[in-house]
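Since every read-out is calculated from the coordinates, none of them should be taken as a lab result. Please read all numbers here as calculations on a predicted model, not as lab measurements. Here Cβ is always computed from backbone atoms with ideal geometry, including for glycine, and neighbour counts include all displayed protein chains.
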Amino acid sequence: MKQKSIKKETHSKNVLNIIEDAKNENKTVLDLIFKQIKQLPKEIGNLVNLHFLLISKNQLQELPKEIGNLTNLYYLDISKNQLQELPKEIGNLGNLQFLDINNNQLEKLPKEFEKLINLRELFIYNNKLQQLPKEIWNLTNLQGLDISKNQLQKLPNEIGKLTNLQYLNLGDNQLQEVPKEIGNLTYLLYLNLSDNQLQEVPKEIKKFTNLQDLNMSNNKNMKGALQLSTSELKRLNIENTNINEFTVPINNNLYDINIRNTSLKSLPKSICDKIYDPFNDVIIKHSYSTDEEMFKKLCTQ
């Protein structure tokens, strides 16, 4: 027991020394990754000139409220800890542009999140969130949002406010539907709806004219026709769904398609033409997730 106490005290002193050195040297970047930290000293709040703070892969269960003093932070990575909640003072970090809190034990987020108006990238995947505070949908500068691997059962209509989103990962939750307002996110390049409980193909997907990567796999009860209006799409995964039809523009750029275990009876002619064009067989060569025999069968219907 005494040895453990000495070890813990040594780690605390080491972290305090690092923080003190960072203050004396007026550092703007502090790397505390994988330092076996169980408690972050309140002195962290003295580093008011920090721009980048990395504290991932530790054993933190909480953050000191003094974290809110770091108002010049642009980048904060507190992923892969044991955080159960975040202090409301995190809302003071108004200059923050990147926040990664993945792989923690968060069940809720503070409403003060709405103050993070400059946030561009937010990664909250692999936590225990059942819902998100309504204030999060006011972060209209977000370009990347990953809330996969949580316990979300419903998305509010306000998700349609995030019109600057280019990357959206909602995979591995418990969603049964998505609101029609998701169709407002016309800048999306990447959309992941996989491993949910969706019942129907969202009609709004046809509005995503810039989409390059779409994953709706493992929604076993999802039925209907998938209408794609984007010629930019490169990757499509609808494995383990009941989708019975999909359409794409003639001048499409698809090269990776996974359609295993679907209800498809045929493929669009533009896809089949690529398969049998000896000068344009990239869809077979790079589509590692789909059997060539399956393509041939679906193209002869």
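Each residue of segment 26-37 in turn: what ³J(HN,Hα) in whole Hz from Karplus with 6.51, -1.76, 1.60 and θ = phi - 60°, glycine and Pro shown as x?
For segment 26-37, the Karplus curve yields 6, 5, 9, 10, 10, 10, 10, 5, 6, 10, 6, 7 Hz.
Against the 2.2 N^0.38 Å scaling, with N counting residues, where does the chain land? I'd like the Cα-based Rg ratio to two decimal places.
The reported ratio for this selection is 1.21.
Order by neighbour count: LEU236, LEU175, fewest other Cβ atoms within 10 Å first, most last.
Going from least to most buried by this count: LEU175, LEU236.
Any of LYS42/LYS161; LYS206/LYS297; LYS35/LYS134; LYS161/LYS220; LYS180/LYS220; LYS161/LYS223 with alpha carbons more than 24 Å apart? Name them for me.
LYS42/LYS161; LYS206/LYS297; LYS35/LYS134; LYS161/LYS220; LYS161/LYS223
Could you list the chymotrypsin sites (Phe, Trp or Tyr not before Pro) in segment 162-234 that lie in coil according to DSSP, counting only those with at most 16 other Cβ atoms within 10 Å of their Cβ?
Passing both the DSSP loop test and the Cβ count: TYR187.
Let me understand segment 106-237 better: what is its radius of gyration from the alpha carbons, and its Dmax, in angstrom?
Radius of gyration, then largest Cα-Cα span, for segment 106-237: 14.0, 41 Å.
If you average 1/r over every pair of different alpha-carbon atoms in segment 18-176 and take one over that average, what Kirkwood value in Å do you get?
One decimal place: 15.9 Å for the Kirkwood radius.
Dipole of the chain, Cα-centred, from +1 at each Lys and Arg C-beta and -1 at each Asp and Glu C-beta, to the nearest 20 debye?
Charge dipole of the chain: 600 debye, to the nearest 20.
Whose amide H sits under 5 Å from the amide H of GLU200, counting only residues 5 or more places off or on another chain, with H placed in the peptide plane?
So GLU200 has HN proximity to LYS223.
If one takes the longest principal axis of the Cα atoms in the chain, at what angle in degrees, from 0 to 90 and to the nearest 10, does the Cα axis of helix 2-24 lie?
Value to nearest ten degrees: 90.
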